[in-house]
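For reference, the structure discussed in these notes is given below.
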Amino acid sequence: MTSRTVLITGGNRGIGRAIAEEFVAQGHRVAVTARSGEGPEGALTVRADVTDSAALDAAFTEVETKLGPVEVVVANAGITRDMLLMRMSEDDFDAVVDTNLGGAFRVVKRASKGMLKARFGRIVLISSVVGLYGSAGQANYSASKAGLVGFARSITRELGARGITANVVAPGFIETEMTAALPEAQQAEYLKAIPAGRYASANEVARVVAWLAGDDAGYISGAVIPVDGGLGMGH
Ligand code: NDP
């Protein structure tokens, strides 16, 4: 296994933190961005909001100085602002798209500079099963997550010949603060629809992300890898 410099956005909690822990455990040099709190032990924490290009640029520069050029980037930071379409404000739509899709754009654009120079890069975008499956009350969120697929595939066509891969991981129902906040009735409904009959742990997502960034996955690009217990099958 080649040791890499890895940057994960939103690594202070939830899935991002589990991803950072997995990369640390595998012996990589790991940095996380966080707006608050800290990443796991063994990872460098840098402050950045993914809606702020200047803050992201400064965070990347700090990571490059302390750990070396970023070779693996995981765009994980994301938010929900769920509401039925009729009542969804433009602000709620824009905030979710600007964080989930715009944030990935800013992070990947900044990371691509060093990757092009190195002629190597692994880009992993954390989407969601609802990106392609759809979800009532989440028009903003699912649109932002579907957008990541077109984004990854365009990057693949643009940068694929330069040793850079871009893939999407689409988790289903994962036990984190984000899902704990969903109404109980909605959680029970999801559980009924999941062929695996259970929710996943954040670690199960983290291990797939680490594998995609590893030496064995160099010929996989533009793919959407579901980690959803079969929930989104066929979408
Ligand atoms: P959490 O709510 O637990 O964590 C979200 C993370 O994103 C936090 O670290 C948060 O930082 C960060 N974040 C949010 N907005 C910004 C911003 N503007 N700038 C920088 N960081 C930001 O979510 P999860 O761990 O559950 O989700 C992680 C990713 O996985 C998200 O993209 C989510 O859409 C996706 N996902 C989650 C699923 C689930 O079941 N949980 C299912 C499918 C996909 P802070 O603490 O500072 O707010």
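All of the numbers you see were taken from the coordinates with simple rules; none came from a lab. Since the structure is predicted, the reported quantities are computational estimates derived from the model, not experimental observations. Note that each Cβ is placed from the backbone with ideal geometry, even for glycine, and that neighbours are counted across all protein chains shown.
Against the chain, whose longest principal axis is taken from its Cα atoms, helix 14-25 shows a tilt of about 30°.
Averaging the sequence gap over all C-alpha pairs within less than 8 Å and six or more residues apart, then dividing by the number of residues, gives the stretch 22-111 a relative contact order of 26 percent. As I understand it, the value is the acute angle between the Cα axis of helix 139-159 and the longest principal axis of the Cα atoms of the chain; what does it come to in degrees, rounded to 10? Once rounded, one gets 30 degrees. Structure remark: mean-square fluctuation, Gaussian network model of the chain, C-alpha springs under 10 Å; the largest value among V205, V130, V24 belongs to V24.
Pairs of Cα atoms under 8 Å, at least six residues apart: use those to get the relative contact order of the stretch 135-233, whole percent. Don't jump to the answer; show the numbers that get you there.
Values: 104 pairs, mean separation 38.8, N = 99.
Worked out over the stretch 135-233, it gives 39 percent.
Spin-label model, Q186/R157: points 7 Å from Cα along the beta carbon direction are separated by 3.4 nm. For the stretch 173-188 and the stretch 11-65, write down the distance between their C-alpha centroids in whole Å. So the two Cα centres are separated by 25 Å.
Using only alpha carbons, the stretch 150-235 has a radius of gyration to Kirkwood radius ratio (Rg to Rh) of 1.06. Near G37: Cβ cut-off under 11 Å, other residues only, Lys/Arg at +1 and Asp/Glu at -1. The net charge is +3. Entry note: the stretch 40-184 has Rg to Rh equal to 0.99, where both radii use alpha-carbon atoms and Rh is the Kirkwood radius.
Contact order for the chain, expressed relative to its length and based on alpha carbon pairs under 8 Å spaced 6+ residues apart, stands at 20 percent.
Here the spin labels are modelled as points 7 Å beyond Cα on the Cα-Cβ line, and at D216 and R119 they lie 2.7 nm apart.
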